[in-house]
1. Give the residues of region A:24-59 that are closer than 15 Å to A:Met174 by Cβ and charged (D, E, K, R), sorted by residue number.
2. Conditions first: (1) closer than 29 Å to B:Leu413 by Cβ; (2) more than 11 Å from every other protein chain (Cβ to nearest Cβ); (3) crowded, with 24+ Cβ neighbours inside 10 Å. A:Glu338 passes all but one, so which condition is the exception?
3. Does region B:387-428 hold any residues that are assigned to a loop (DSSP other than H, G, I, E, B) and within 30 Å of A:Glu255 (Cβ to Cβ), and which are they?
4. When region B:206-215 is examined, which residues are found to be in contact with a helix residue (DSSP H, G or I) (Cβ under 6 Å, 6 or more places away or on another chain) and either modelled with pLDDT under 95 or under 15 Å from B:Gly160 (Cα atoms) (or both)?
5. Tell me the residue from B:Glu86, B:Glu96, B:Glu135 that is over 20 Å from the mean Cα position of the chain (by Cα) and closer than 30 Å to B:Ala60 by Cβ, please.
6. Take residues that are closer than 25 Å to A:Val420 by Cα and tell me which of the strands (runs of 3 or more DSSP E) falling wholly in region B:277-383 contain 3 or more.
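The values are calculated or read from the model by the stated rules, or taken from the named source; none is laboratory data. Only a predicted model underlies this, so the values are computations on that prediction, with no experimental measurement involved. Note that each Cβ is placed from the backbone with ideal geometry, even for glycine, and that neighbours are counted across all protein chains shown.
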There are 2 protein chains.
Amino acid sequence: MSQLNNAIKDLSVVDMIDYLTYEARQAQVLLGQSSHLIRCSALTKIAERIRALSKQIVAANQLDLSNANDKQLPSSFVDRLKLTPERINDMAAGVENIAQMPDPLGKTLSKWNVKSGLEIERISTSLGTIGIIYESRPNVTIDAGALCLKSGNSAILRGGSDSFHTSSFLTELMQECLSYVKLPESAIQMIPTSDREAVNVLLQATGKIDVIVPRGGKSLVSLVQEVARVPVFSHLEGICHIYIAEEADPEMAREITLNAKMRRTGICGACETLLIDKSVSRDLLPDISDSLLKAGCELRGDEEVRKILPSIKKADEEDWHTEYLDAILSIKIVENFETAIEHINKYSSGHTESIITQNKNLAERFLTEVDSAIVMTNASTQFADGGEFGMGAEIGIATGKLHARGPVGADQLTSFKYIVRGHGETRK
Amino acid sequence: MSQLNNAIKDLSVVDMIDYLTYEARQAQVLLGQSSHLIRCSALTKIAERIRALSKQIVAANQLDLSNANDKQLPSSFVDRLKLTPERINDMAAGVENIAQMPDPLGKTLSKWNVKSGLEIERISTSLGTIGIIYESRPNVTIDAGALCLKSGNSAILRGGSDSFHTSSFLTELMQECLSYVKLPESAIQMIPTSDREAVNVLLQATGKIDVIVPRGGKSLVSLVQEVARVPVFSHLEGICHIYIAEEADPEMAREITLNAKMRRTGICGACETLLIDKSVSRDLLPDISDSLLKAGCELRGDEEVRKILPSIKKADEEDWHTEYLDAILSIKIVENFETAIEHINKYSSGHTESIITQNKNLAERFLTEVDSAIVMTNASTQFADGGEFGMGAEIGIATGKLHARGPVGADQLTSFKYIVRGHGETRK
């Protein structure tokens, strides 16, 4: 395979993408019709080989790490790039987890008979070829490859150039496992060049790529959204809201807000703005802000908030639009339920919002009236995750409304077709 | 409304589309949360008004017809443009039919609990704003408006300029009915200019339009596919296949082929290529070709076919790629099941294919191995239609694999969201 990769490397990027997408399409015909057992054997084998080749993976990763150090890349970047034996073990466990999930293909989604006598069934099928564009996080190579394999889709991977050695090694590892169970190796391919033009060509390969999933920060995602002519499953940002409404349980409100903001501040499901109903703000805000400040969170409030918490910074218009991805929270006191909904519908990125209240009527109205991928009552927004949703794993979270919305797992990487069983019916 | 339309007409097309999409978005917030009862009342009212205003509709249509005659447009075009009292009645009945279908919104699509204690539910929601671009068939105005209304979506309609008076009249009629039930009129809008640039702007209005449905011939659809930056539900063509396999019932094979080709030759579900298994070709082809020729169908065959039917024209490579939409059928004798599948996967447009056989094993393999939106056994491809599928009505048929595939009815014009009910859960 390495020899082949070397040959492809000399092609123009247009020819290279042509070649990779053609190979992916051919491989997918077989993969899409393969039994779940075969796909699971390949996944189990991948997990086994990841564990067996742990040292070699670390060695490949070492090449990337030393390049990164030479380039003096920031330590947070190097940390994401680095694979430790523990992280390698986590990757393997993730693949085993995906293997154990039910088959997303061939499921009867619905079934009915019509007057003409035809029996109609809608069943799940694979999508085709999926392109994954990601930053230098080597584990995405495995996650994305495994989820595509599970769902019978060919994967074309394009990781950050700084993880090139690690990603190449992991891709070849997966290809060997495919080959081991007699599935075509080109069901999982990596673009063997760091030329950025290859990404542009991939993003415009209409008819050759069925969907692109960008996984990374806002600059990566916005670039993909801008250039892509093929469909994209993505979210640009997660400006998630907690709304503490009338009849909120004080302790629950405090705990959920603290968790939603501070458990991990850098994930897309982290809360960025707290809305608190005027009717409960004087009672609840002091305790909640205490907890947040103690946990090291910077608070920014509107004028009403600063009447209660005079020492915090003023939040301006910009703050309501900002995904901090950091230990910063903007806080606003809202007049009532309607103004809370209005604020959310204006500033939310359509990712995840949660209401805290014991009032069932308000809770149900919130679930109906907020138009986000995930709407919650009395729970932390940090639950917005495919794993927490019981999907086994996710390739990302989508805020678009077409096809996939919310966590994108194996089920969301499928399409469907109509199967119609007749008995000689002709149409009048 | 007419006064407002006149004011919009003076805007630049960019401002016009900005205005229309903004209004559509505002209207949709209310429409998407309206009760099924209200949406159905509006639909029933539309049907009622169509019947009551039949004469006025004919009069508006007369303006378009006389323009078409002045322009000496072809008679087939004029026929599609023309509304008779009978066709008007059909339009009304279509709307009533849509009204009677179950609510596509707020359906529980799935529901499960996870270990953390959260109760998760996936429910159907409206999509947003849908743009419909169509040719001069006034009934599409009503079909599209009614399906969007049913599914809680705002519609922005753009019909062929030659049906401008009829479409305007019908759009205003629907707007009055929306207003009658206190739904916002701008839930159904028409682009009030025949400037083609407006279509281009609409097709690129990312974030302002959620999906575009082109409805018309190949030139319209390919233009839309080429220019659009927003998602499109469409099929470029319907190169549908019938495969008469081993153990086909001779009479069934003849009847289905005749129906699939000749019932209506101009629809996308019409069969364009007949594949017949070598093992049954000598027995079955003479009868089938007789019936087709008698019905006025031109036959074109490969060399093997012409050994059996020496008088027919030769089919060349071009024929396998051609959607005739006419009384012409290309016929090929295939060596076996595998070569039939190979031919279909190479030449099919992914719309609808049907196998004729009494062999259950072959039938099931066909259903699995053919990757088209609709795959059938022992039935005419002309059943590929939302109405025949029991969907009430369709806005079109999609051959893409994302979101909507096959007939696009009210259910396919929905999205979904995750509703998560918690009890104070925070994430570990």
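1. A:Arg39, A:Lys45, A:Glu48, A:Arg49, A:Arg51
2. Failed condition: (3).
3. Those that are assigned to a loop (DSSP other than H, G, I, E, B) and within 30 Å of A:Glu255 (Cβ to Cβ): B:Thr426, B:Arg427, B:Lys428.
4. Listed by number, the residues that qualify are B:Pro214, B:Arg215.
5. Testing whether each residue is over 20 Å from the mean Cα position of the chain (by Cα) and closer than 30 Å to B:Ala60 by Cβ leaves just B:Glu86.
6. Filter on region B:277-383 gives B:328-334, B:352-356, B:374-379.
Yes/no per residue for (1) under 18 Å from A:Val375 (Cβ atoms); (2) at pLDDT 95 or above; (3) of a type in the set (Asp, Glu):
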| residue | (1), (2), (3) |
| --- | --- |
| A:His235 | yes, no, no |
| A:Tyr243 | yes, yes, no |
| A:Ala248 | yes, yes, no |
| A:Thr257 | yes, yes, no |
| A:Met262 | no, yes, no |
| A:Ser279 | no, yes, no |
| A:Asp283 | no, yes, yes |
| A:Gly296 | no, yes, no |
| A:Gly301 | no, yes, no |
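Listed here are the residues, each with its yes/no results for (1) at pLDDT below 95; (2) out of contact with any strand residue (DSSP E or B) (no Cβ under 9 Å at 6 or more places or on another chain); (3) away from every other protein chain (no Cβ under 14 Å).
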position: A:Gly128; (1), (2), (3): no, no, no
position: A:Ser136; (1), (2), (3): yes, yes, yes
position: A:Asn139; (1), (2), (3): yes, yes, yes
position: A:Ile142; (1), (2), (3): no, yes, yes
position: A:Ser151; (1), (2), (3): no, no, no
position: A:Ile156; (1), (2), (3): no, no, yes
